[in-house]
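K.L.:
A single structure is presented below for examination.
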Amino acid sequence: MTDDAQGDTSDGRSLAGAPLAAETDARAGEESRLKAGCSQDWLPHKESWVESANDPASDFPIENLPFAMFERDGSARLGVGIGDQILDATAAFGIGCMKDVMAMRRPSRAELRSRIGALLAKQTAGAESLLTPMAGARLLLPCEIGDYSDFYASIHHATNAGKMFRPDNPLLPNYKWLPVGYHGRASSIVVSGMPVRRPLGQTVENPAGPPSFGLSRRMDYEVELGAFLGPGNVMGEAIPASEACDHLFGVCLLNDWSARDIQSWEYQPLGPFLAKSFATSISPWVVTMEALEPFRCAAEARPEGDPQPLPYLQTGGNDALGITLEVWLGTARSEPVRISRSNFARMYWTLPQMVAHHASNGCPLKPGDLIGSGTVSGPEKENRGCLLELTWRGTEPLQLPSGETRRFLEDGDEVILRGYCEAPGLRRIGFGECRGTVTAGRGSV
Ligand code: MN
């Protein structure tokens, strides 16, 4: 293999050179000051020798190169999505797992991306042996997730949900000053395709109680973006807002399953607990911040009269992401239909602001930690990212083309999240899917 196989990549090194190790490198200090977005080495509409990647409808063209963990020959391996194939990055580059890539500083991740791109841009002898068809492959959780926190960053969702729980006071005074969040449960995060059992819990008929213990009758989904953390900070040190983007590794689709009847009884004064912790589903593919670079844009201007963020939350960059998110609902009787569509660019708080806020008290963030964005809703009814909002707490049932109606999810319902980025002159990139089917709960009292 020679350097001319590199084409337009910048590093000019051999493709399958020495394995890249996870780094805690000394040069990081200097390199981390490199401006975000320095790795735009991919021109639009680049071709791959993996033919299916050149289909404009593919989620996984060579501009994307998302990571997933998958099973091959009985072992877990790091994969890269290309068209309808998975490249075995463990075999090609000697990287054992995704967390090793998450721990790399941004310049090293960009260099790895260049090497993967070069390998998939020009065919070399034997390279086909590194491919596994996606169809039939077993995809795993991206990594063992250390900590999981969930935010509430859509002002449209917060206002709608707030109106239902507190009609006279929908947005609390802190909302426009900080990205509100809570600590979630990492142990119940599952990968797309895993069924989700209806939970048991305390619910009330009357807001003042008394409660009974039984199966949730108001089970809901929430369409969110999940963001995996990169290098992170040491305990006691904050992450400056201007560097927060460098500590984001990539994003996936996230369904924050929610039992609304359990939630409304338990959530005060400390926030969500068992209404959320029974399950969270994520997509197996993690789309890197490098792939999202062309889809960055300025966050929406705050309405007149809203406060500007405090200095520690001012990132000064184009930190919003133009990602379209769709929710599809299938039932035991009918094929999936799209029930909502929203755009992540409309969030009130951006992912770098969430990272800067999360670490501002010195709490250490680590590679493989996951943050959820909060339900991604927009201003219109079709942008509402959960059934609570879409059916207005069940008072306006959703009419499905099959004639069925839904207030909340029923057993056998399948929720499918999809996401993609589109912009003029750029090739579309996608996130694959996050699927989960609700199964009957066990027992009641
Ligand atoms: Mn949520």
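The values are calculated or read from the model by the stated rules, or taken from the named source; none is laboratory data. Source: prediction; values computed, not measured. Backbone-built Cβ (ideal geometry, glycine too); neighbour counts: all protein chains shown.
K.L.:
Can you find a residue in the stretch 314-323 that is without any contact (Cβ under 8 Å) to a residue 24 or more places away in the chain and more than 14 Å from the chain's Cα centre (by Cα)?
P.N.:
To start, the set of residues in the stretch 314-323 that are without any contact (Cβ under 8 Å) to a residue 24 or more places away in the chain comprises 318.
Imposing the further condition that a residue be more than 14 Å from the chain's Cα centre (by Cα) reduces the set to 318.
The answer is yes; a qualifying residue exists.
K.L.:
A further question on this structure: Select from the stretch 295-311 the residues that are at pLDDT 95 or above and surrounded by 17 or more Cβ atoms within 10 Å (Cβ to Cβ) and list them in ascending order.
P.N.:
Phe295, Arg296, Pro309 - these are the residues of the stretch 295-311 that are at pLDDT 95 or above and surrounded by 17 or more Cβ atoms within 10 Å (Cβ to Cβ).
K.L.:
So which residues in the stretch 243-275 are at pLDDT 95 or above and hydroxyl-bearing (Ser, Thr, Tyr), if there are any at all?
P.N.:
Hit for the stretch 243-275 is Ser258, nothing else.
K.L.:
What number of residues within the stretch 356-382 are within 16 Å of the ligand (Cβ to nearest atom), touching a helix residue (DSSP H, G or I) at 6+ places or on another chain (Cβ under 8 Å) and not in a loop (DSSP other than H, G, I, E, B)?
P.N.:
2
K.L.:
Taking the condition more than 16 Å from the ligand (Cβ to nearest atom), touching a strand residue (DSSP E or B) at 6+ places or on another chain (Cβ under 8 Å), closer than 22 Å to Asn255 by Cα and of a type in the set (Asp, Glu), does Glu326 pass?
P.N.:
Yes, satisfied.
K.L.:
Out of (1) among the small types (Gly, Ala, Ser); (2) assigned by TED's automatic domain parsing to the domain that holds Pro397; (3) surrounded by 15 or more Cβ atoms within 10 Å (Cβ to Cβ), the odd one out for Ser212 is which?
P.N.:
Every listed condition holds for Ser212 apart from (3).
K.L.:
With the requirement that a residue be of a type outside the set (A, V, I, L, M, F, W, C), surrounded by fewer than 22 Cβ atoms within 10 Å (Cβ to Cβ), more than 30 Å from Gly385 (Cα to Cα) and touching a strand residue (DSSP E or B) at 6+ places or on another chain (Cβ under 8 Å), what does the stretch 103-161 give you?
P.N.:
Once the filter is applied, which keeps residues that are of a type outside the set (A, V, I, L, M, F, W, C), surrounded by fewer than 22 Cβ atoms within 10 Å (Cβ to Cβ), more than 30 Å from Gly385 (Cα to Cα) and touching a strand residue (DSSP E or B) at 6+ places or on another chain (Cβ under 8 Å), the stretch 103-161 yields Arg113, Thr132, Pro133.
K.L.:
Count, please, the residues in the stretch 410-445 that happen to be in contact with a Phe, Trp or Tyr (Cβ under 7 Å, 6 or more places away or on another chain), assigned by TED's automatic domain parsing to the domain that holds Leu253 and assigned to a loop (DSSP other than H, G, I, E, B).
P.N.:
Result for the stretch 410-445: 2.
K.L.:
For Ile339, state whether it is within 16 Å of the ligand (Cβ to nearest atom), in a strand (DSSP E or B) and buried (at least 16 other Cβ atoms within 10 Å of the Cβ).
P.N.:
no
K.L.:
Scan the stretch 389-399 and tell me whether some residue there is within 16 Å of the ligand (Cβ to nearest atom), at pLDDT 95 or above and at negative phi.
P.N.:
yes
K.L.:
Looking at (1) of a type in the set (Gly, Ala, Ser); (2) part of a loop (DSSP other than H, G, I, E, B); (3) surrounded by fewer than 21 Cβ atoms within 10 Å (Cβ to Cβ), which one does Ser58 not meet, given that it meets all the others?
P.N.:
Unmet condition: (3).
K.L.:
Counting only residues that are within 25 Å of Glu433 (Cβ to Cβ), within 16 Å of the ligand (Cβ to nearest atom) and outside any loop (DSSP other than H, G, I, E, B), how many does the stretch 130-188 have?
P.N.:
Within the stretch 130-188, residues that are within 25 Å of Glu433 (Cβ to Cβ), within 16 Å of the ligand (Cβ to nearest atom) and outside any loop (DSSP other than H, G, I, E, B) number 8.
K.L.:
Do we find a residue being of a type in the set (Val, Ile, Thr) and assigned to a helix (DSSP H, G or I) anywhere in the stretch 242-257?
P.N.:
Our first condition is that a residue be of a type in the set (Val, Ile, Thr); within the stretch 242-257, this holds for 251.
Adding the requirement that they be assigned to a helix (DSSP H, G or I) leaves none.
No.
K.L.:
Being more than 22 Å from Glu422 (Cα to Cα) and either in contact with a Pro (Cβ under 8 Å, 6 or more places away or on another chain) or not in a helix (DSSP H, G or I) (or both): is that true of Thr124 here?
P.N.:
Numbers: more than 22 Å from Glu422 (Cα to Cα): yes; either in contact with a Pro (Cβ under 8 Å, 6 or more places away or on another chain) or not in a helix (DSSP H, G or I) (or both): yes.
Against the criterion (more than 22 Å from Glu422 (Cα to Cα) and either in contact with a Pro (Cβ under 8 Å, 6 or more places away or on another chain) or not in a helix (DSSP H, G or I) (or both)), Thr124 qualifies.
K.L.:
With the checklist (1) in contact (Cβ under 8 Å) with a residue 12 or more places away in the chain; (2) more than 20 Å from Ile323 (Cα to Cα); (3) not aromatic (Phe, Trp, Tyr) in hand, flag the one item Asn255 doesn't pass.
P.N.:
(2)
K.L.:
Please go through the stretch 189-213 and give me each residue that is over 30 Å from Ala356 (Cα atoms) and part of a strand (DSSP E or B), ordered by number.
P.N.:
The answer is Val196, Arg197, Leu200, Gly201, Gln202, Thr203, Val204, Pro211, Ser212, Phe213.
K.L.:
Could I ask something else about it? Return yes or no: is Ser360 within 14 Å of the chain's Cα centre (by Cα) and modelled with pLDDT of 95 or more? Steps first, answer last, please.
P.N.:
Details: within 14 Å of the chain's Cα centre (by Cα): no; modelled with pLDDT of 95 or more: yes.
Judged against the criteria, Ser360 is not a match.
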